[in-house]
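First comes the structure, then the notes that go with it.
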Amino acid sequence: MPLVTVLPHAELCPQGTQFEIKPGRSLCEGLLKHGVAIEHACDMVAACSTCHVLVRAGANTLPEPDDEENDQLDNAWGVEPCSRLACCVRVKDGDLTVELPKHSRNHARER
């Protein structure tokens, strides 16, 4: 199974983490299942851009983002060429290294 490495993030994952994920699963669901409380204000339907992540390694194993994902990424904070929406990323057979951006476009976080 592919291995997802999450780089340390001061609030959401201070020590960083690693977990295996079944191919075909949503990266957002995998992060949440493994204790990384990533934002997902639209309930993972690609309508808010709050689950923005930076795929630092393994992006070549993923399909290109579709138009809907690209449109939502236009609204994300700190977009880079490696930016993706975790709700849109379906993990394939390759390992991924992801970084969670410092900020989300959400001004208030539900706890």
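Per-structure values
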quantity: Those lysines that a straight Cα-Cα span of less than 25 Å connects to Lys102, excepting residues fewer than 8 apart in one chain; calculated: Lys33
quantity: Efficiency of FRET from Cβ geometry, Arg25 and Ala47, R₀ 22 Å, rounded to 0.05; calculated: 0.65
quantity: Calculated Kirkwood radius over Cα pairs in Å (choose from (i) 13.7; (ii) 15.4; (iii) 14.6), label; calculated: (i)
quantity: Cleavage-rule hits, GluC sites (Glu not before Pro), region 1-81, DSSP coil, Cβ neighbours within 10 Å at most 12; calculated: Glu11
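Each reported figure results from applying straightforward, stated rules to the coordinates on display, with no laboratory input. This one's a predicted model, so the numbers in the text were calculated from it and none came from an experiment. Cβ: placed from backbone, ideal geometry, glycine included. Neighbour counts: every protein chain shown.
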